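Values in this text are rule-based calculations from the coordinates and carry no lab data. Keep in mind the model is a prediction, meaning the values are calculated, not measured. Here Cβ is always computed from backbone atoms with ideal geometry, including for glycine, and neighbour counts include all displayed protein chains.
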Amino acid sequence: MRYTGPACRLCRREGMKLFLKGERCFSDKCAFERRSYPPGQHGRRRTKLSEYGLRLREKQKCKRIYGISEKQFVRYFEMATRMKGLTGDNLIKLLERRLDNVVYRMGFAVSRRDARQLVSHGHVMVNGKVVDVPSYLLRPGEVVEIKESSKNLDRVNYAIQLAQGRDIPSWLEVDFENKRGVFRYIPERSEVQIPVNETLIIELYSRG
């Protein structure tokens, strides 16, 4: 099952900001800034993780950044193992191709969680057709846009306002005025800036 509880709790559990709540993560309201220790009764205790624990935490972190369930994560891992190239690189490439991730990366949502809602509620189109499946894997050249009747949504306009102050990844082409963009190409791992060591994830599953 996908986690649906407080997002800030996840950042505290992983010991770093995962930027799951958009602008709040950059403000003084950020729970991690105020309480950077893990949640729970024994959160302030310092414990040294085992090698297995380190690998597990890395997998959990990656899963939480992209907001996917355990079942989905395993499916992506299995897909990555069947692709040519390094399994770790392939895993990140697959996750970056998700429609909800691309909507977020393009700046049409303040977080991946918000992007997932936009997609599942039918506000996003791919190549002119509504796609309400957040896990849809985009292919190079596909056009992503906010549906005409949804272009005036406050949440979309607010997200774009914030996004215009940040860099858009090179594998995406975005037209903020028309609220549309193009998935230009599948990025290389070196182009994806996320605090994940996928090698530890591979070790977790290979020794499972």
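A few remarks follow.
- In loop segments of segment 75-134 as defined by DSSP, the trypsin sites (Lys or Arg not before Pro) with at most 11 further C-beta atoms inside 10 Å of their C-beta are K84.
- Taken over segment 98-183, the percentage of Cα pairs per 5 Å bin, counting from 0 up to the bin with the maximum distance, is 3, 17, 32, 30, 15, 3.
- Within the shell defined by Cβ-Cβ distances under 12 Å, the residues around L153 carry a net charge of +1, with Lys and Arg each +1 and Asp and Glu each -1.
- Environment charge at Y185 (Cβ cut-off 12 Å; Lys +1, Arg +1, Asp -1, Glu -1): -1
- Those aspartates and glutamates that a straight Cα-Cα span of less than 17 Å connects to K63, excepting residues fewer than 8 apart in one chain: E14, E78, D89, E96, D100, D114, E198, E203
- Percentage relative contact order, segment 98-183, counting C-alpha pairs under 8 Å, at least six apart: 33 percent
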